[in-house]
Amino acid sequence: MEKYLQSIKKEFWRRVFKAELEYILPKLEGLKDILSVGCGPAVIEAGLAKHDFSVTGLDISEEALGQSSEAVRTVIGSAEDMDFADYCFDGVIYVASLQFIERYEEAVRQTARVLRPKGKLLVLLLNPKAVFFKEKVKNPNSYVSGIKHTDLNEIERTIKQYFNVQDSEFFLGIEGQNVFESRNPDLASLYVLKANKRNTYKDGEN
C-alpha cells in the first residue's frame, strides 16, 4: 500500500486523475450526495468536493483513507456489506475499483439499495484489451495485477439486473507516459457505464 500511495503522487497519475475528474464532473450534474466505492486516498473525490458535491468515500483500507482530504467523508468498510441506510445517495461511482472486489455482484446489489429512486451509477472499468492494461497486468508490483474480474460483458450483465444502462463508451487513452483523448478500444484504458437505478428495484430481489 505504501508503494501505491507514493506512486500516485507522480506527475503521470496526477494527469490521469485530472482527466478522470474532468470526465466525471458533467456526468454527475444535478446530483448532490455522492458515494465513491473503493476510493483509496480519495484524490478524485476531493476534486468533486471542490465542486460542491457532498462526497462519501468507502474503502477497506484505513491506511489509504488516512491520506484523504478532510473535505471527503470517509468510511472504512466493505463494498459487499455497505453500512449505509437505504436510499441515502443521489449517485454512486466506481473509479477503476469494481473489478477488484471479490463479490462484485453483491457490491452492485448494495449500490442499488443505497441509491435513491432514479439514482445514478457511474462505473469506470479497466479495459483488458488496452495497451495500458496489458503492460500493467504483467507487473506483479502494479495494482492492476490484483484485478479479479476482467469480463466486461459479464460485469455489464450484472449491472443490468438492477440498473438501466443509459450509455457506455471507451475513454482515456494511455500509452507509456502519454495521457490523451481516445475512444479506441485498443488504446482507451477505461470502459465506462452510465446507468440509472431501475424503478422496479426492491431490496432483496435477485
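The values are calculated or read from the model by the stated rules, or taken from the named source; none is laboratory data. Note that the structure is predicted; figures quoted are calculated from it, not measured. Reconstructed Cβ throughout: ideal geometry from the backbone, glycine too, with neighbour counts over all protein chains shown.
Every residue, every condition in (1) over 25 Å from LYS136 (Cβ atoms); (2) surrounded by fewer than 16 Cβ atoms within 10 Å (Cβ to Cβ), yes or no:
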{"residue": "LYS32", "(1), (2)": "yes, yes"}
{"residue": "LEU35", "(1), (2)": "yes, no"}
{"residue": "CYS39", "(1), (2)": "no, no"}
{"residue": "GLY47", "(1), (2)": "no, no"}
{"residue": "TYR87", "(1), (2)": "yes, yes"}
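Could you tell me whether segment 58-73 includes any residue that is at pLDDT 95 or above, within 14 Å of the chain's Cα centre (by Cα) and surrounded by 17 or more Cβ atoms within 10 Å (Cβ to Cβ)? Scanning segment 58-73, I find at least one residue that is at pLDDT 95 or above, within 14 Å of the chain's Cα centre (by Cα) and surrounded by 17 or more Cβ atoms within 10 Å (Cβ to Cβ), so the answer is yes.
Examine segment 184-191 for a residue that is at pLDDT below 95 and surrounded by 15 or more Cβ atoms within 10 Å (Cβ to Cβ), and state whether such a residue exists. Among the residues of segment 184-191, not one is at pLDDT below 95 and surrounded by 15 or more Cβ atoms within 10 Å (Cβ to Cβ), which makes the answer no.
Scanning segment 114-148 for residues that are touching a residue at least 40 places away in the same chain (Cβ under 8 Å) and part of a helix (DSSP H, G or I) yields VAL114, VAL131, PHE132, PHE133, TYR143, GLY146. Could you list all residues from segment 18-40 that are of a type outside the set (A, V, I, L, M), modelled with pLDDT of 95 or more and within 21 Å of LEU125 (Cα to Cα)? Once the filter is applied, which keeps residues that are of a type outside the set (A, V, I, L, M), modelled with pLDDT of 95 or more and within 21 Å of LEU125 (Cα to Cα), segment 18-40 yields LYS18, GLU20, GLU22, TYR23, PRO26, LYS27, GLU29, SER36, GLY38, CYS39.
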